[in-house]
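Asks: My questions will all concern the structure given below.
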Amino acid sequence: MSDTHENSVAFVRTETIPEREPPFTASGPVKWMRENLFATPANSILTVLALLFIYLILAKTLPWMLNGIWSTDSLAACREILDGSTGACFSVLTERWNQLLFGFKYPAEFYWRPTLALVLLAVAGAPVLFFDLPRKLLAFTAVYPFLAFWLIWGGTILVPILAFVGVVAGAMVYKRLVTGSFAAGFFGGIGAAIVVWWVGGFLIPEGASDNAMLGAVPSRDLGGFMLNMMLGVTCVSLSVPIGIALALGRQSSMPLIKVICVVFIEFIRGVPLITLLFVASVMLSYFFPPESTVDLFLRVVIMITMFSAAYIAEVIRGGLAALPKGQFEGADSLGLDYAQATRLIILPQALKISIPGIVNVAVGLFKDTTLVSVISMFDLVGMIRGPILASTEWNGVYWELLGFAALLFFVVCYGISQYSQWLERRLATDHR
Amino acid sequence: MTTMTDPPRASFRLSMLLNDTRYRSYTFQAIALLVLIVAFAYLGNNLLTNLSAAGLNIAYDFLDAPAGYDINQRLIEYDSQSSNARAAIVGILNTLLVAFLACVTATVLGVIAGVLRLSKNWLVSKLMAVYVEIFRNIPVLIWIVIIFTIMIAVLPGPREFRGDGATASMVLGSFAFTNRGIYIPAPVWGPGSMMVVITFIASLIGVFAYRRYAKNLLYSTGRLLPMGWPSLAIFFVPSIVMFFIMGQPIGLDIPELKGFNFKGGIKIGGPLIALWIALSVYTGAFIAENVRAGIQAVSKGQTEAAGALGLRPGRIMNLVVLPQALRVIIPPLISQYLNITKNSSLAIAVGYADVTATLGGITLNQTGRAIECVVLLMLFYLTISLSISFIMNIYNNSVKLKER
């Protein structure tokens, strides 16, 4: 066979040609660009437009940022140094750093207290956010709210201790009674806590805060980004249990309970947060007993908590609706009563489904805490638009301040949403 | 057999109210009702005590009293002698105006960004991802303030249009972009302009009729009529012809610089524009995510099957992908519209006279009628929300999958 062509074919290659590099246009970055940036003429135009857009943005902002000045004490001094060239005046951030974070009335010598509270918040939040951490850390999470209250507001330590003792008493009564019936445990626990607080109220002497270890700070002195963080964390953590209760109430077979929950949820979701804040600032005080003085911070917390509870209730309702009917029926056929079935079978699954939604509500709520600046509370936006821009030194430094506020919110909110995505992957137990 | 006889009918005992599941729900509801009544009685009592202590009462006659303040941006006649109710109506119209404008632009922006985010062009899809993340994660209040600041800082003041050494000029000779707002030409309706408007409306109906006819023809005979250019022709040609037949009855009132400010034309105030842009780009980012999710929800097999049937890409999009994607997109889209309406209440931060700023702001502060004003304000927003969710329910029922 092999010599058939011996005379007809002049040359037969007997070894393979060595491999060569692919052509320049079909490999590496050029290929990638051809496929991803310049695949079709329309695509090429889009790419060029996008590049132009990016260039325009960078050409404006980069020199401005790189040329920034960090160490003057007024806008006029900044302009003097810049001498007509473009450049940011970031010194407003360094000079007013504490005001931006803590507000302009919080005593300067106490700044370490909210800072410490923030650090401890990370410690207390960790076991809640990351399930792999040892469960014993949750003990600190339970103590944290009282500790943070004491750190931020100061005053006598007896008040947070009393509050904590009341909660512990309630928890113990609940543990004892819950084996009999959930309702007895629940209401018994609340009753015990109230009794402890009421009795303990007489034990705290008048004027105990005057010479306390940590000086007392009234709530109206809170401000800056600290106020946003406090409102966000407090309201979200308070509104999750209320939201669960509302969602269960809305699913309830008892018509009266259902109607109450539906009316509440739809009412709150139908009005903008700002009207609820108006209620907090001008209307709510009419509904409290005449001699009481409930401060604005607490009134705002009440209204924002109601607001986010209604939204969280809707998210959890979605989770409840997504559960297959067999779960409810299975729980019933095991002989579990409503409280047991809800606690052991329904809620763990429904909450898992609703976690991304709850985190979305939390992010939205945290962004909405800036609205308190409209009812003249000095949160981060309120500080910028109020005292700082109105001062003679910094009148006109818009970009640096607003950009800083935007950056701060972006970091926190983007972080939370990345966490939510991680959690979603982590909790995915189905094999799809 | 014990089952042959009826089980003994136990008489009702009081303990059954707690232990028997048949009656327990009545106990709980009774307790809930009692708690509700006590709570309302307590709050109402506090309210009455506090009001009488402050010498106030609940009355709505302040609505008829003259408001005593001016509103720059208004759609209907209003002056400072008009009643508070009139001021509230001006505010309501302003709210609806900015909400409507923002809904339209946010939808356009959101759809473009959502589609481009799925683009195969790496740069463009990343750019859109950055847009979505940046705008979703920063409070809308900050965006409103930033855009309002941009307007004031970047756009020229009216006096820069003056004289020979003017540093700013009007776009196309008729649009003036100033830091006080944008001035655009206003139409002047001459005699006979009615005919042009009627022709325009008639041709609008004509376009729909033609498309319907073409569709019916396609479904019944399979004959395909051209859609694009005849629609355009029906839309434009008759109105333009009528415009010239009637002797150009519609003129333009072009804004002019007189004294310290522009006169004539329509003024769109700076706060309105800032609010409009901010709400549009902010909500546009959310809508982009909804659009992306909707398109991704249509399984790839649908596109491939349509391709296998021999449909061209444009028709695949129109006839197969979009109808299914819209089913997913529209419900969240409508709740975004609701959010725009509610977020428009942030107008108060830039001084746009929406209903929160007139009724809930100046009127409230001047008359001191806090409860009445806030209640009216809530009623307004509640009405809007409930009617939008009513519409949404109707839509949801109409597009629900017709399952066998």
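Asks: Please go through the range A:330-368 and give me each residue that is of a type outside the set (A, V, I, L, M), surrounded by fewer than 19 Cβ atoms within 10 Å (Cβ to Cβ) and within 27 Å of A:Leu273 (Cα to Cα), ordered by number.
Replies: Scanning the range A:330-368 gives A:Pro356, A:Gly357, A:Asn360, A:Gly364.
Asks: Does the range A:57-84 hold any residues that are farther than 19 Å from A:Gly396 by Cα and open to solvent by less than 100 Å² (accessible area, probe 1.4 Å), and which are they? So that I can check it myself, show each step before the final result.
Replies: Restricting attention to the range A:57-84, the residues satisfying the condition of being farther than 19 Å from A:Gly396 by Cα are A:57-59, A:62-63, A:66.
Selection gives A:Ile57, A:Leu58, A:Ala59, A:Leu62, A:Pro63.
Asks: While we're on this one: Go through B:Thr27, B:Thr21 for me and flag whichever is β-branched (Val, Ile, Thr) and open to solvent by 70 Å² or more (accessible area, probe 1.4 Å).
Replies: That would be B:Thr21, the only listed residue that is β-branched (Val, Ile, Thr) and open to solvent by 70 Å² or more (accessible area, probe 1.4 Å).
Asks: Another question, then. Quick one: would you say A:Leu351 is closer than 16 Å to B:Val140 by Cβ and of a type outside the set (Ser, Thr, Tyr)?
Replies: no
Asks: Going by the conditions given, is A:Phe225 farther than 30 Å from B:Ala30 by Cα, at the interface with another protein chain (Cβ under 10 Å from one of its Cβ atoms) and either touching a residue at least 60 places away in the same chain (Cβ under 8 Å) or polar (S, T, N, Q) (or both)?
Replies: So A:Phe225 does not fit the description; no.
Asks: Can you name every residue in the range A:1-25 that is at pLDDT 80 or above and either touching a strand residue (DSSP E or B) at 6+ places or on another chain (Cβ under 9 Å) or open to solvent by less than 90 Å² (accessible area, probe 1.4 Å) (or both)?
Replies: Listed by number, the residues that qualify are A:Pro22, A:Pro23.
Asks: Same structure, new question: Name the pairs whose Cβ atoms lie under 7 Å apart, with the first residue in the range B:374-385 and within 7 Å of another protein chain (Cβ to nearest Cβ), the second outside any helix (DSSP H, G or I) and open to solvent by less than 10 Å² (accessible area, probe 1.4 Å), and 6 or more positions between them or separate chains?
Replies: Short answer, once both residue conditions are applied: B:Met378/A:Val271; B:Tyr381/A:Val271; B:Tyr381/A:Pro272; B:Leu382/A:Val271.
Asks: Does B:Leu338 satisfy being open to solvent by 20 Å² or more (accessible area, probe 1.4 Å), within 13 Å of chain A (Cβ to nearest Cβ), in a helix (DSSP H, G or I) and touching a helix residue (DSSP H, G or I) at 6+ places or on another chain (Cβ under 9 Å)?
Replies: yes
Asks: Do we have any residue at all in the range A:87-99 that's open to solvent by less than 40 Å² (accessible area, probe 1.4 Å) and under 30 Å from A:Tyr419 (Cα atoms)?
Replies: Yes, the conditions are met somewhere in the range A:87-99.
Asks: Right, here's the next one. Inside the range A:193-285, counting only helices (runs of 4 or more DSSP H) that do not spill past its ends, which hold 3 or more residues that are farther than 30 Å from B:Tyr23 by Cα and polar (S, T, N, Q)?
Replies: A:224-251
Asks: Please verify whether the range A:301-308 includes one or more residues that are in contact with a helix residue (DSSP H, G or I) (Cβ under 7 Å, 6 or more places away or on another chain), among the hydroxyl-bearing types (Ser, Thr, Tyr), open to solvent by 30 Å² or more (accessible area, probe 1.4 Å) and touching a residue at least 12 places away in the same chain (Cβ under 8 Å).
Replies: Within the range A:301-308, none of the residues are in contact with a helix residue (DSSP H, G or I) (Cβ under 7 Å, 6 or more places away or on another chain), among the hydroxyl-bearing types (Ser, Thr, Tyr), open to solvent by 30 Å² or more (accessible area, probe 1.4 Å) and touching a residue at least 12 places away in the same chain (Cβ under 8 Å).
Asks: While we're here: Looking only at the range A:209-260, count every residue that is open to solvent by less than 30 Å² (accessible area, probe 1.4 Å), over 28 Å from the mean Cα position of the chain (by Cα) and more than 30 Å from A:Leu93 (Cβ to Cβ) and tell me the total.
Replies: Total meeting the criteria: 2.
Asks: Filter the strands (runs of 3 or more DSSP E) completely within the range B:200-314 down to those with at least 3 residues that are of a type in the set (S, T, N, Q).
Replies: none
Asks: Restricting attention to the range A:254-309, and to residues there that are farther than 20 Å from B:Ala347 by Cα and small (Gly, Ala, Ser), which single residue is farthest from the other protein chains (Cβ to nearest Cβ)?
Replies: Here the answer is A:Ala309.
The values are calculated or read from the model by the stated rules, or taken from the named source; none is laboratory data. Worth saying up front: this structure is predicted, and the values here are computed from it rather than measured. Every residue, glycine among them, receives a Cβ derived from its backbone with ideal geometry; neighbour counts consider all protein chains shown. Calculation scope for accessible area: heavy atoms of the full protein, side chains included, ligands and nucleic acids excluded. Shrake-Rupley method; radii C 1.70, N 1.55, O 1.52, S 1.80 Å.
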